[in-house]
Every structure is written in C-alpha cells, then in structure tokens.
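Engineer: Handing you a structure now.
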Ligand code: ZN
Ligand code: ZN
C-alpha cells in the first residue's frame with residue numbers, strides 16, 4: 001500500500017556558528033527533544049535547497065522543494081504574491097506587488113502610507129475604475145500591500161520597479177529590462193496606471209479624512225517585482241499527486257497555489273513570531289487523509305534570523321519543538337523535516353548554508369544520528385542532497401514512484 005508524504009518546512013531554520021551561543025547554531029543551542037527523536041528514529045543528512053552556495057528566496061526555495069526548477073519557472077515575486085491572496089491568474093498575465101504610498105510635492109515621503117490598515121478596500125474600488133485600455137485586477141492585501149495584475153496578451157514581465165525603494169525621492173518610471181515590444185507596452189501601461197492612481201487617490205474622501213486625522217494619505221500606488229505568470233504544470237499532472245499546503249505567508253501560499261495545491265486556511269498560522277505551531281500541526285494531522293502530499297511552512301526562525309536575534313531564534317525553535325510531537329500519531333506517512341533556506345543571525349539574510357534534513361517513517365533505514373541540527377545531521381545516512389530531489393525520495397519511500405526500466 002502506498003503511503004503519504006509530509007514536508008515540514010521550518011522557514012529559515014538553518015544558521016551558522018554564533019559567538020553568543022558558544023559557537024553553536026541556534027538549533028544546536030535549543031532544547032529540542034521532539035525534533036531530536038525524529039532524527040533518532042529516522043535518517044538524516046544535509047540539503048541544499050537549490051544547489052550548494054545558492055541563496056534561496058522563500059519562493060524559489062519552495063519551488064525547488066516541490067520539484068520545480070526555479071531557474072525555469074521563477075519569473076519574479078509578483079505572480080506568487082497575487083496567487084497567494086487568491087487571485088485567479090492566466091499564463092499571459094503580468095502581476096506586480098504594490099504598496100499604498102504617500103506622495104508630497106512629487107516625492108515619495110512614505111513607502112507604506114503610514115502603514116495604512118483601514119479603508120484600503122474603498123481606495124481599491126476607486127482604483128478599479130481607472131481606464132488604461134487593458135483589463136486589470138487590483139486587490140488589497142495586508143496593511144499597505146496590494147497587488148496589480150495586468151490581463152491579456154502582448155504583455156511582457158520584464159519591467160523595472162516604479163517603487164524607488166527609498167524615500168524623499170521621486171518614484172521611478174517603469175522601463176523595459178529587456179527591450180521588446182511587450183515589455184515597452186507593459187512599462188507604458190504601468191506608468192499610466194500609476195499616474196492615474198495618483199489622480200483618483202489624491203482627492204479621495206478616505207485620504208481627506210486621513211489628513212484631517214493627522215495621518216499620511218495613501219495617494220499613489222507603487223508597483224514592483226513584476227513578472228509574467230509562470231506556466232507551471234501542477235503536481236497532479238506532473239506527479240499524480242493530490243497535494244495540500246499550510247502557510248502563514250502569502251508568497252509561499254502563492255507558490256503552492258500555482259503548483260495546484262489546496263491551500264488550507266489556518267487562522268493561527270500568522271507568519272509572525274506569534275504563529276501557533278500547535279494549531280498548524282493539528283490542521284495538518286486532520287487533513288492529511290485527503291491528500292497524498294502536505295507541505296507545511298512554519299515561519300518564525302526566519303524573522304529572528306533577519307533581525308539578528310539568536311536568543312529569539314532559540315526560543316522560537318523550542319516553541320516549535322513541542323508541537324511536532326503530535327506528528328508521530330500519523331500512520332503510513334513519510335515525514336521530511338527541514339527548511340527552505342538558512343537565515344543566519346550573523347548574516348541577517350538568507351544564505352546558501354545547507355539545511356539539516358530528517359526523513360522519518362515506518363521502514364526508513366535508521367542511522368546513528370540522534371539530534372536534529374546542522375552538525376549532527378551532516379554525519380547521517382542521507383549525506384547531502386539537493387532540495388529538488390526531496391520529493392522523489394519521499395515518493396519512492398511512499399511507493400508512489402514508477403519503475404524506470406524493466
Ligand atoms: Zn523562507
Ligand atoms: Zn527571509
């Protein structure tokens with residue numbers, strides 16, 4: 001009988017030797033009896049999510065873990081953000097992540113419009129009435145974030161950002177990154193869109209009220225990270241898998257949605273340090289019966305890594321640890337525990353350092369490793385693999401793979 005597969009992706013878990021932790025990594029310094037017991041009962045190794053020395057984004061990292069070649073399918077962050085908030089996308093569409101921002105005398109004075117939280121749907125409605133001669137969709141996301149999708153044929157995805165990524169400067173005019181008719185057309189449409197957002201938002205009642213309350217108006221939309229929606233075969237057509245995913249971050253949800261996975265709503269998966277691993281694991285245990293593969297992304301470590309806070313990373317790992325114990329109740333499930341990339345507190349960004357990997361399941365060939373961390377796993381039976389091989393390894397264990405040859 002074939003089994004099921006679960007990838008537990010601890011976002012940004014990998015790290016380097018940290019002086020404040022006596023040269024240990026946060027994962028080595030943390031008390032992790034439950035993660036360690038998976039390592040003890042499983043087989044272990046290191047994993048380069050994309051390839052040795054390559055620093056993955058969360059998007060390209062998850063693509064690779066799902067067996068896609070990110071160099072082939074990754075077309076910029078915009079389409080994944082759009083899919084992550086549930087927008088329906090066609091392969092020819094071009095998507096941009098955007099911010100509500102504040103313009104004063106032609107200069108961007110706040111890229112997040114005072115981190116606007118309220119009334120963004122009213123502003124979005126006004127923006128949807130803009131005419132730029134092609135169909136587009138515009139949706140608000142969390143706080144100041146929003147997404148623009150230009151629809152139709154003859155559009156290009158390679159245009160520069162309008163968002164200047166700094167303040168007290170004018171916003172940029174979009175221009176083709178690669179000269180082509182499609183990219184020139186997209187850049188022109190985008191510039192027209194941005195100018196018109198400034199027109200409709202400057203005098204909008206929501207902004208007049210904000211100014212009256214002493215708040216910064218959200219009087220322009222600044223797009224960035226544009227890209228054409230990738231034409232990805234979903235996991236069902238590629239591998240015959242019915243797959244589901246849980247993640248608190250729209251970017252990862254978008255990757256999973258474009259891979260054709262069911263996205264489970266777990267309110268307690270916040271994507272922040274306040275995320276509730278217990279609720280996430282409970283949701284997974286409850287829904288794995290309906291799927292061949294579940295991917296679970298738990299974000300927390302990554303934030304401490306970006307902020308350079310080793311103690312906070314240790315604390316989050318310990319909070320995670322007790323939640324994973326419940327996974328042992330699952331039967332006929334092969335579980336891979338790893339990350340999408342390292343986010344070392346010493347670097348405060350993603351790095352290419354390989355990740356610890358444990359594969360646990362009924363009949364896996366158990367090795368001598370009894371701790372889940374970077375150094376211990378490096379001595380395990382799996383040795384060192386690429387993230388793009390993980391799905392095949394799990395499929396083989398779960399007896400979901402066709403024989404190659406006679
Ligand atoms: Zn990540
Ligand atoms: Zn990160």
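Engineer: What is the residue count in segment 195-217 for residues that are outside any helix (DSSP H, G or I), under 16 Å from residue 99 (Cβ atoms) and out of contact with any strand residue (DSSP E or B) (no Cβ under 9 Å at 6 or more places or on another chain)?
Structural biologist: 1
Engineer: Residues being in a loop (DSSP other than H, G, I, E, B), away from ligand 1 (no atom under 16 Å from the Cβ) and crowded, with 21+ Cβ neighbours inside 10 Å: count how many of those fall in segment 1-31.
Structural biologist: Summing the residues that are in a loop (DSSP other than H, G, I, E, B), away from ligand 1 (no atom under 16 Å from the Cβ) and crowded, with 21+ Cβ neighbours inside 10 Å in segment 1-31 gives 3.
Engineer: While we're here: Among the residues of segment 92-112, is any over 26 Å from residue 169 (Cα atoms), assigned to a strand (DSSP E or B) and at pLDDT 95 or above?
Structural biologist: yes
Engineer: Just to be sure I understand the filter: pairs with C-beta atoms under 6 Å, separated by 6 or more residues or on different chains, first member in segment 46-64 and closer than 12 Å to residue 351 by Cβ, second member more than 15 Å from ligand 2 (Cβ to nearest atom) and assigned to a loop (DSSP other than H, G, I, E, B). Which pairs pass?
Structural biologist: Once the first residue is closer than 12 Å to residue 351 by Cβ and sits in segment 46-64, its partners that are more than 15 Å from ligand 2 (Cβ to nearest atom) and assigned to a loop (DSSP other than H, G, I, E, B) give 48/354.
Engineer: Restricting attention to segment 328-347, and to residues there that are outside any loop (DSSP other than H, G, I, E, B) and within 16 Å of residue 13 (Cβ to Cβ), which single residue is nearest to ligand 2 (Cβ to nearest atom)?
Structural biologist: Here the answer is 342.
Engineer: Conditions first: (1) touching a helix residue (DSSP H, G or I) at 6+ places or on another chain (Cβ under 8 Å); (2) over 14 Å from residue 229 (Cα atoms). Residue 155 passes all but one, so which condition is the exception?
Structural biologist: Exception for residue 155: condition (2).
Engineer: Considering only segment 327-354, state which residues are over 20 Å from residue 291 (Cβ atoms), more than 12 Å from ligand 1 (Cβ to nearest atom) and crowded, with 19+ Cβ neighbours inside 10 Å.
Structural biologist: Hits for segment 327-354 are 344, 345, 353, 354.
Engineer: A further question follows. Going by the structure shown, is residue 127 under 18 Å from residue 78 (Cβ atoms), in a loop (DSSP other than H, G, I, E, B) and not assigned by TED's automatic domain parsing to the domain that holds residue 270?
Structural biologist: In short, no.
Engineer: Test each condition in (1) within 27 Å of the chain's Cα centre (by Cα); (2) surrounded by 16 or more Cβ atoms within 10 Å (Cβ to Cβ); (3) closer than 27 Å to residue 116 by Cβ for residue 219 and report the one that comes out false.
Structural biologist: (1)
Engineer: Separate question: Any idea which residue in segment 353-363 is nearest to the chain's Cα centre (by Cα), counting only those that are more than 19 Å from residue 23 (Cα to Cα) and part of a loop (DSSP other than H, G, I, E, B)?
Structural biologist: It comes out as 361.
Engineer: Further, regarding this structure: Out of curiosity, is residue 311 without any contact (Cβ under 8 Å) to a residue 12 or more places away in the chain and either more than 14 Å from ligand 2 (Cβ to nearest atom) or in a loop (DSSP other than H, G, I, E, B) (or both)?
Structural biologist: In short, no.
Engineer: Let me ask you something else. As an exercise: evaluate residue 366 against (1) within 16 Å of ligand 2 (Cβ to nearest atom); (2) surrounded by fewer than 24 Cβ atoms within 10 Å (Cβ to Cβ) and give the number of the one condition it does not meet.
Structural biologist: (1)
Engineer: Another question, if that's okay. Which of the following residues is surrounded by 15 or more Cβ atoms within 10 Å (Cβ to Cβ), within 16 Å of ligand 2 (Cβ to nearest atom) and in contact (Cβ under 8 Å) with a residue 60 or more places away in the chain: 229, 284, 252?
Structural biologist: None of the others qualify; the one that does is 252.
Engineer: Looking at this structure, is residue 241 buried (at least 19 other Cβ atoms within 10 Å of the Cβ), more than 24 Å from residue 138 (Cα to Cα) and in contact with a helix residue (DSSP H, G or I) (Cβ under 8 Å, 6 or more places away or on another chain)?
Structural biologist: So residue 241 passes the test.
Engineer: With (1) surrounded by fewer than 21 Cβ atoms within 10 Å (Cβ to Cβ); (2) within 16 Å of ligand 1 (Cβ to nearest atom); (3) within 16 Å of residue 222 (Cβ to Cβ) as the list, and residue 112 as the residue in question, which single condition is left unmet?
Structural biologist: For residue 112, the failing item is (2).
Engineer: Residues to consider are 244, 240, 225; find the one that is in contact with a strand residue (DSSP E or B) (Cβ under 7 Å, 6 or more places away or on another chain) and at positive phi.
Structural biologist: 225
Engineer: May I ask you to verify whether residue 279 is touching a helix residue (DSSP H, G or I) at 6+ places or on another chain (Cβ under 8 Å) and either more than 21 Å from residue 30 (Cβ to Cβ) or not in a loop (DSSP other than H, G, I, E, B) (or both)?
Structural biologist: Considered against the rule, which asks whether it is touching a helix residue (DSSP H, G or I) at 6+ places or on another chain (Cβ under 8 Å) and either more than 21 Å from residue 30 (Cβ to Cβ) or not in a loop (DSSP other than H, G, I, E, B) (or both), residue 279 comes out as no.
The values are calculated or read from the model by the stated rules, or taken from the named source; none is laboratory data. Small disclaimer: the values here were computed from a predicted structure and weren't measured. With ideal geometry, Cβ positions are generated from the backbone for all residues, glycine too; neighbour counts draw on all protein chains shown.
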